[in-house]
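One structure is given below, encoded as structure tokens.
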Amino acid sequence: MDFGAQITLSRNTWNDVHAVVERMEAGRWASVWFADHYLPPPGRPEEEHLTTHEGFTVAAAIAACTEKLRIGHLVLGNTYRNPALAANMAATVDQISHGRYCFSLGAGWFEREHVAYGWTFPSMKERQDRLEEAANLVRQLFRAKEPVTFSGEYYQLNNAPFSPGSYGDPIPIMIGGTGPKRTLRTLAKYGDMFNLDGWAGPMTAEHYHSKIAILAQHCENVGRDIAEIRKTVLIPTLLSDDKAAVDAFRQFRNLKEGSAIGPKNFIIDRIGEMVDAGVDEIMIGGMVTDNPDDYVKFDEEVLSAFS
């Protein structure tokens, strides 16, 4: 079982982020994941002035100062990331990291962010259309041996070379979101990684299996073996024996059923439920970065139970 952590890039400093990643690199952690935002999510007006670091730049920096951790985003916003440009940036990070980068793409959801920076925020249908087309284009680039020509409704390539490409094997593609009709179909057609996001919905084995069943049907429909797709989950977490702190965290985050918030044994049981459900990797989300030693404590008290 692999474990990763989603490290916030908001309300903190680069030194905070770097200190956390140093602890992770030295421990049992297998991967580190960053959001892709320009305002602090979830979008409280009173927090808009707070620091938010740009996700791809941070990923490149982390790639250069680590040797073990796999690196990715949860997830890049396709509405403000031209897919051909993003694919080239991904290849550069993959080269810097010697093949440790995962390309994760979502349809985009943070409307206020788009308004603030002058980006168009299309309808849900158009965002899903754009995501599917972008995933197709990126997959072709990541696997290309020759320049790529692509003629889509939203994106075009004209004999475009892709060099340097992936460091070794083609960069894996994660499709963010679990919408049953469009998002999981796009994943079945073009993706390599599934992720169930506990910030957006319940994190239970039952919910996980329901999404995997839908994905399996889409895979069958497009002639894909679901075994080719890596299954991951992002679990909101707080390791604490302080009931007041646990209640405050849950209320502040408006968390759904199944988060792993509480004492050590409770968290181990919650994570164990998802391990038993058959996931390949669990990402821990919600841990703060102003005390990087918390990641060492989580490693020693929780991750050690699964090693």
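The values are calculated or read from the model by the stated rules, or taken from the named source; none is laboratory data. For clarity, every value in this text was computed on a predicted model and none was experimentally measured. All Cβ positions, glycine included, derive from the backbone under ideal geometry; neighbour counts span all protein chains shown.
Report, by residue number, each residue of region 167-221 that is of a type in the set (S, T, N, Q) and within 24 Å of Leu255 (Cα to Cα). First the steps, then the outcome.
Going residue by residue through region 167-221, those that are of a type in the set (S, T, N, Q) are 178, 183, 186, 195, 204, 210, 217, 221.
Within region 167-221, Thr178, Thr183, Asn195, Thr204, Ser210 meet the criteria.
Residues in region 93-140 that are surrounded by 15 or more Cβ atoms within 10 Å (Cβ to Cβ) and among the hydroxyl-bearing types (Ser, Thr, Tyr): 3 in all. Among the residues making up region 44-53, a single one is more than 19 Å from Val288 (Cβ to Cβ) and in contact (Cβ under 8 Å) with a residue 24 or more places away in the chain: Glu48. Assessment of region 258-276 against the conditions (polar (S, T, N, Q), in a loop (DSSP other than H, G, I, E, B) and either at pLDDT 95 or above or under 21 Å from the mean Cα position of the chain (by Cα) (or both)) yields at least one matching residue. Within region 191-225, being part of a helix (DSSP H, G or I), touching a helix residue (DSSP H, G or I) at 6+ places or on another chain (Cβ under 6 Å) and either touching a residue at least 24 places away in the same chain (Cβ under 8 Å) or of a type in the set (Lys, Arg) (or both) holds for Ala205, Tyr208, Ile214, Leu215, His218, Cys219, Val222. Scanning region 277-304 for residues that are assigned to a loop (DSSP other than H, G, I, E, B) and either touching a Cys at 6+ places or on another chain (Cβ under 7 Å) or not hydrophobic (A, V, I, L, M, F, W, C) (or both) turns up Gly278, Asp280, Gly286, Thr289, Asp290, Asn291, Pro292.
Taken together, the residues in region 149-166 that are in contact (Cβ under 8 Å) with a residue 24 or more places away in the chain, part of a strand (DSSP E or B) and either polar (S, T, N, Q) or within 16 Å of Ala135 (Cβ to Cβ) (or both) amount to 1.
Take Trp33 and decide whether it is touching a residue at least 40 places away in the same chain (Cβ under 8 Å), assigned to a loop (DSSP other than H, G, I, E, B) and in contact with a strand residue (DSSP E or B) (Cβ under 8 Å, 6 or more places away or on another chain). Answer is no for this residue.
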